[in-house]
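A short worksheet on the structure shown next.
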Amino acid sequence: MDKFNAEELSDFARYYGFHYDCINPHALIKDILIEMERGLEGISSSLPMIPSYITPVSLLPSGKTVLALDAGGTNLRTSLIHFNENGEAVAQKTNKSPMPGTAGQLSADEFFGAIADAALPLLKETKIEGIGFTFSYPMEITSDADGILLSFSKEVDAPDVIGKAIGKGLRDTLASRGFEYSGPIVLLNDTVATLLSGFVSISPDGEPVRGSNNFNAKGGPVVGFILGTGFNTAYPESNIPKINFNCQSSPQIVVCETGNFNVHYRGQLDREYDSTTKNPGCYFLEKATAGAYLGPLTLHILKHAIKDKIINFKKAGELLAMPFLETRILNEFTHAPLSAQGPLGSLFSPDESGALASVQYLTSIITERGALFSASVLAATIKRMSCSLEPFSPVRIAVEGTTYMIYKGMRRSLESYLHQMLFKDKPHPYVIAPVEQASLLGAAVAALGKK
């Protein structure tokens, strides 16, 4: 069609099963809760529910300093984190260097040596209470909170490190350099770090700035939520049957790997797109919500709309020939569609406003569905905890990720859906807030929690 027709576009989305109004949020939340329970019991589930062996610290001791390390895809960051008398975390002497293995292949000794070299100057000048290490690569977390590396992404070339315990490797390398360190080294992934950062970023009453706490309220539990390139959640769990853990007073953090949730609400175009990805048959929810996939998925759907003659414009053939659409480029287009710039916006001439509107309309439907999926995951997580909280001690949802922060329409819709889900029957007090330097702050909190 040449003109914008919202009803026809919505019917197209419903026909191919990607319209958000095809989803029953109540049933979706129940499905997520069932998969969470199965994962905790060790039964086959699309949610593996991975124990972290880390217990959240509800009250942070003052006057303590820890070393925080953050190994990401590009950089290795080091920082001394000091906790002042108000329980606030202050980062000192933060430094960034290239992630070991990104400039050429390294042996295991060279890899751990590079990390030790970055940490040693800080360790030698300051007495620390522990080392927290956010390591954003697949790990098997052990009961002593070390992490055995399962794989690296393609950016890091250090194959000899795979299968080794990261904390032990660092400790041994420090000793070989003449620095005997006997304190805790706690390994955690970025979702656990985001959760733990919420304790120092969001006050017990849910406000970003700490005020007086004359009642000494500990605050509600913290949920970690990643909505960026990927999608994940973590929360404190008191009952994990598969590892015989049951402790109401000191729950441990569980990483849900929610991006892998087997979404039943998938249509033909979702399945077609999934077959084109590097990992078909998994990460169904992540492929409908996260930044790694929203651009390519939207491109696949737009191409089908052109083939079905739902959208028509002079340069439609150029869009059909596009091999890939970055989510970043799509986001730039949706924020300024009238500028007629960029790989997408430049395809439309001034007399094709109907086609331009149609593209933006379909994109917004895909975004809205992603927001609904995301809100359902968070609502299920809070319901799983069965929190009975005073209104002044809300559940604190700490968020990290650019898709949540800057992707057009995502944050607004997600928060709107979440409020409806958690306040429909009775108020479930909660606050949701982004955190800065989540990986470093979370690593610091983890170091304080392990003795």
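The values are calculated or read from the model by the stated rules, or taken from the named source; none is laboratory data. All figures in this text were calculated on a predicted structure; none of them were measured in a lab. Neighbour counts are summed over all protein chains in view; Cβ atoms, including those assigned to glycine, are modelled from backbone coordinates with ideal geometry. Protein only, heavy atoms only, side chains kept; ligands, DNA and RNA dropped before computing areas. Shrake-Rupley method; radii C 1.70, N 1.55, O 1.52, S 1.80 Å.
To the nearest 10 degrees, how steeply does helix 353-385 sit against the main Cα axis of the chain, on a 0 to 90 scale? The angle comes out at about 40 degrees. The C-alpha atoms of the chain define a longest principal axis, and helix 6-15 lies at about 70 degrees to it.
Near H19: Cβ cut-off under 10 Å, other residues only, Lys/Arg at +1 and Asp/Glu at -1. The net charge is -1. Calculated from the alpha-carbon coordinates, the range 259-341 shows an Rg and a Dmax of 13.6, 40 Å respectively. Within the range 160-316, the proportion of Cα pairs with more than 28 Å between them is 50 percent.
Counting only protein heavy atoms and a 1.4 Å probe, the range 127-184 has 47 square angstrom of accessible area per residue. Charge tally around G442: other residues with Cβ under 10 Å, Lys/Arg +1 each, Asp/Glu -1 each, net -3. Can you give the longest stretch of the chain with no exposed loop site, where a site means chymotrypsin sites (Phe, Trp or Tyr not before Pro) in a DSSP loop (not H, G, I, E or B) with at most 11 other C-beta atoms within 10 Å? Excluding the exposed sites themselves, the longest stretch runs over 1-214. Near V395, the amide H atoms lying under 5 Å from its own belong to Y430, V431; only residues 5 or more places off or on other chains count, and H is placed 1.01 Å from N. Straight-line reach from K307: taking Cα to Cα under 20 Å and skipping same-chain neighbours fewer than 8 places apart, the lysines in range are K3, K315. Straight-line cross-link reach from K408 at under 18 Å between alpha-carbon atoms covers these aspartates and glutamates, not counting any fewer than eight positions away in the same chain: E286, E326, E332, E368, E400. Karplus-based coupling profile of the range 241-249, in residue order and whole Hz: x, 5, 10, 6, 9, 8, 8, 5, 7, with θ = phi - 60° in 6.51 cos²θ - 1.76 cosθ + 1.60 and x standing for Gly or Pro.
Within the shell of other residues whose beta carbon sits under 15 angstrom from the beta carbon of Q268, the net charge comes to +2, with Lys and Arg scored +1 and Asp and Glu -1. Bridging of K314 to aspartates and glutamates at a Cα separation below 16 Å is possible for D2, D351, E352, once same-chain residues fewer than 8 apart are set aside.
From its DSSP helices (H runs of at least four residues, each -39,500 (n - 2.57)), the chain gives a residue-normalised ellipticity at 222 nm of -12000 deg cm²/dmol.
In a DSSP loop and with at most 15 other Cβ atoms within 10 Å, the trypsin sites (Lys or Arg not before Pro) in the range 239-310 are K278, K309.
Length gained on full extension, I34 to D144, computed as 0.36 nm times the residue gap minus the Cα-Cα distance: 36.7 nm. Summary of the geometry: the range 111-168 and the range 216-265, compared by the centres of their Cα atoms, lie 23 Å apart. Each principal axis of the Cα cloud of the range 298-340 was taken in turn, and the coordinate range along them, longest first, works out to 26, 20, 15 Å. Any idea what log10 I(q)/I(0) is at q = 0.10 Å⁻¹ for the range 301-410, Debye with uniform C-alpha scatterers and no solvent? Summing over Cα pairs of the range 301-410 leads to -0.42. Mean sequence separation of contacting Cα pairs (under 8 Å, at least six apart), scaled by the length of the chain, corresponds to a relative contact order of 24 percent. Relative to the longest principal axis of the Cα atoms of the chain, the long axis of helix 410-423 makes an angle of roughly 80 degrees. Of the accessible area of the chain, computed with a 1.4 Å probe over protein heavy atoms only, carbon and sulfur atoms account for 51 percent.
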